[in-house]
1. Return a whole-number percent for the relative contact order of the chain, with Cα pairs under 8 Å and 6 or more residues apart as the contact set.
2. Roughly what would the spin-label model give for residue 280 and residue 168, points 7 Å off Cα along C-beta, in nm?
3. For helix 17-53, what angle does its Cα long axis make with the longest principal axis of the chain, in degrees from 0 to 90 and rounded to 10?
4. Amide H of residue 397 versus every other amide H placed in the peptide plane: which residues, excluding those fewer than 5 positions away on the same chain, fall under 5 Å?
5. For the chain, find the longest principal axis of its Cα atoms and tell me its angle to the long axis of helix 534-547, 0 to 90°, nearest 10.
6. Could you order the peptides 188-200, 129-141 from most to least packed, using the average number of other C-beta atoms within 10 Å per residue?
7. Where does each of 87, 1, 180 land when they are ranked from fewest to most other beta-carbon atoms within 10 angstrom?
8. Would you list 18, 325, 568 from fewest to most Cβ contacts within 10 Å?
Amino acid sequence: MAETWDLIKPYWISEDRKAGLGLLAFVVALNLGIVYINVLLNEWNRVFYNALEQHDYTSFKALLIRFSWIAGFFIVAAISRQYYTMMLQMRWRTWMTDRFMDHWLSHQAYYRIEQTHATDNPDQRLADDLRSFTDGALSLSLGLLNSVVTLVSFVGILWAVSGPISFMLGGTEITIPGYMVWFAVGYAVIGSLIAHVVGRPLIGLSFQQEQYEADFRFMLVRLRENSEPVALYRGEPTEQAGLRSRFDRIRANWKQLMRYTRRLTFVSSGYGQFAIIFPLLVAAPRYFAGKMTLGGLMQVSQAFGQVQGALSWFVDNYSTLVGWKAAANRLIDFRDAIRVAERQDQEHTGVRDIEVVQAGTGTDSGGIRIDTLALALPVRTGNGNGGEIQQRLLVAAFSLQIAPGERWLVSGPSGCGKSVLFRALAGIWPYGSGKVAMPGAARMLFLPQRSYLPIGTLADALAYPDAGTVHSREALQKVLREAWLGALAEQLDVFDNWSLRLSPGEQQRLAFARALLQKPDYLFLDEATSALDEETESEMYRLMVDSLPGAAIISIAHRSTVAAFHGKRLRYVAADGAHWEAEHDGQGEAAAVSYRVVHEA
């Protein structure tokens, strides 16, 4: 419960607290007003049914007019309560969404969570669970407040109008004052206990159901985004089998939900239906004994219903509580995963973080300096968010310097740490130790094998992470033509999912156009030409060398033709204990670097 409170509390002490508390106070006032209207209706019931019993037509007409006024105020209050409650829900949800997104996107927490599989489906946590949590928290808390106020307002009425009941027990007359209050309390307590026992398994089942639904939805989205390779592989049977397997989990869990929901519905519906007749049965002896008028009977019945309904808040809202608690648990897991990612999980290993610092300015700072950098791979022990992060050493400590304008080719077999080195230089790889000093004012650009293209206009995809409007239309068209994408020059304003529309080769050429646009001082290419033929690959490299003469270019590539565009090489050597060596083209001094690599085939 304390962890759930930690989710609720921050908004109500935030910078938006005044607006939130103001809306909350107004909604609470409307709730109190509605309870007061119900008290007026309760009194109206007594007078109205007494008028019917006495055939008092004059009072009957006057009471109908009075009812129209009461009903009118009730309708206005109910509509206003719903409207401003929804407004408050959206303010709270907006604030929590912004806060979660800020933490998720800061310190590359989103990246580290994916690397360590610390939690599943963050999209569902941000989109669905935050909505369910804020909506449920408000509706449940306001409903509970309404029940408490209703109980306080009507318990005195029920006590007074129900009167005492007397019976003989062992020759002694026993009198119970306000006996219907005790019946209402007993009825609600028994119903709540039964509902809790019957419905308790639904909390875990609801948690699992949302997870299975999200997994199934993710597979569908993944299939849609990879429709072409699946079609080329004729992989439909395999994809269908995978989808059916995920859906079978949904169906199996749903059957369990059906079973326990049926039991809970049996309890709650039976409880609710019997509550309609129960107060009349309890009050009938006094009515038939002539100690209560018809109006009094109806007033007692309604007051009992209000008291019993207030006491039955737990029974009536058990299903909602189950869903809300499941959403809260998922958000707590997500929040904890973000916190662990922010701490980088290093406390479990004793290995320091990789320290990336800004040193010097521009390209005159001596370049990139790597000092005793060791790289490791994360290994999660245990299951879920409770497992620890261990580290398996990949690259032993080494030092290296990359000067401005140098051309480095990094080559070696898969799994020897080439891409991990790039991630460490980018500052997004926390696993390992050592220090990397980056030129403070230098512009860095990393082009992976598959560059990210956001959904939007072609201009936005080309200029990413800038907006397309930052650059002139002429500049955007110029770099497209230079990257052999002139056919797209007139489509800058077209909105599309460009990662699906463009071929892999076109996407890689678009990434080179992006490099021309941003003019980095240090350009890192991680197999950025793997989808290009050798001629196009050579043209793209020649374009980079000619257009960015002062930039350092560091490439990971497997084709030997790429070597012509690089003066230095960091090469993996399998012999003599498996290590890497630095080489040069004979026109300059080789870098003083040779470091051992822990390599597993």
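Any read-out appearing in this document is the output of simple, stated calculations on the displayed coordinates, not a laboratory observation. Please read these numbers as outputs of a predicted model, since none were measured by experiment. Quick reminder, even Gly has a Cβ in these numbers, built from the backbone with ideal geometry, and neighbours come from all protein chains shown.
1. On the way: 863 pairs, mean separation 81.5, N = 601.
14 percent.
2. 3.1 nm
3. It works out to around 20 degrees.
4. Amide H to amide H, under 5 Å and 5 or more residues apart or across chains, residue 397 pairs with nothing.
5. Value to nearest ten degrees: 90.
6. Details: 188-200: 17.1, 129-141: 19.6.
Highest-to-lowest ranking by the protection proxy: 129-141, 188-200.
7. Working: 87 14, 1 7, 180 26.
With the sparsest Cβ surroundings first, the list reads 1, 87, 180.
8. Working: 18 9, 325 19, 568 23.
Neighbour counts put them in this order, fewest first: 18, 325, 568.
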